[in-house]
Amino acid sequence: MTRSDWGPLHLFVAPLSIAGSLNPASSIAVFITDPNRKPQSLATILHALFGLTAAEARLASLLAEGNSLVEIADEIRVTHGTLRSQLKSVFQKTDTSRQAQLVRLLLLLPGTLL
């Protein structure tokens, strides 16, 4: 089977603003997806792209759904401090520094199931 048997791929190009970059206008992200491929879970993609643990990916997913840290702590029965620690690690691994930046990054990932 060759690539031509599978059909066309989708290409998505997005500008990136990288902190500390000398010329942020020249930074881009390129995503290539196969529309015939079954979407992967967000947790699987976050692990593959950023090395997030299952707990970190779950936290990121719940934040992307619009939940607050207090709501998440109640839902998954962990302390607020535990979530703050996990969130700090998520920020470091995804090169983000605020929840809004993280959620934006997650929403820009093509082929994910939120």
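The values are calculated or read from the model by the stated rules, or taken from the named source; none is laboratory data. As the structure is a prediction and not an experimental result, all values here were calculated from the model. In this analysis, Cβ positions are derived from the backbone assuming ideal geometry, glycine residues included, and neighbour counts consider all displayed protein chains.
Condition check ((1) among the basic types (Lys, Arg); (2) assigned to a helix (DSSP H, G or I); (3) modelled with pLDDT under 80) across all residues:
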| position | (1), (2), (3) |
| --- | --- |
| 14 | no, no, no |
| 22 | no, no, yes |
| 25 | no, yes, yes |
| 44 | no, yes, no |
| 47 | no, yes, no |
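Out of 90, 103, which single residue is at pLDDT 95 or above and either closer than 22 Å to residue 41 by Cβ or assigned by TED's automatic domain parsing to the domain that holds residue 12 (or both)?
Going through 90, 103 in turn, just one is at pLDDT 95 or above and either closer than 22 Å to residue 41 by Cβ or assigned by TED's automatic domain parsing to the domain that holds residue 12 (or both): 90.
With the structure loaded, tell me whether residue 42 is under 11 Å from the mean Cα position of the chain (by Cα) and either exposed (fewer than 12 other Cβ atoms within 10 Å of the Cβ) or on the phi > 0 side of the Ramachandran plot (or both) or whether it fails that test.
no
Every residue, every condition in (1) touching a strand residue (DSSP E or B) at 6+ places or on another chain (Cβ under 7 Å); (2) within 27 Å of residue 11 (Cα to Cα); (3) surrounded by 13 or more Cβ atoms within 10 Å (Cβ to Cβ), yes or no:
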{"site": "66", "(1), (2), (3)": "no, no, no"}
{"site": "70", "(1), (2), (3)": "no, no, no"}
{"site": "73", "(1), (2), (3)": "no, no, yes"}
{"site": "78", "(1), (2), (3)": "no, no, yes"}
{"site": "88", "(1), (2), (3)": "no, no, no"}
{"site": "92", "(1), (2), (3)": "no, no, no"}
{"site": "98", "(1), (2), (3)": "no, no, no"}
{"site": "101", "(1), (2), (3)": "no, yes, yes"}
{"site": "106", "(1), (2), (3)": "no, yes, yes"}
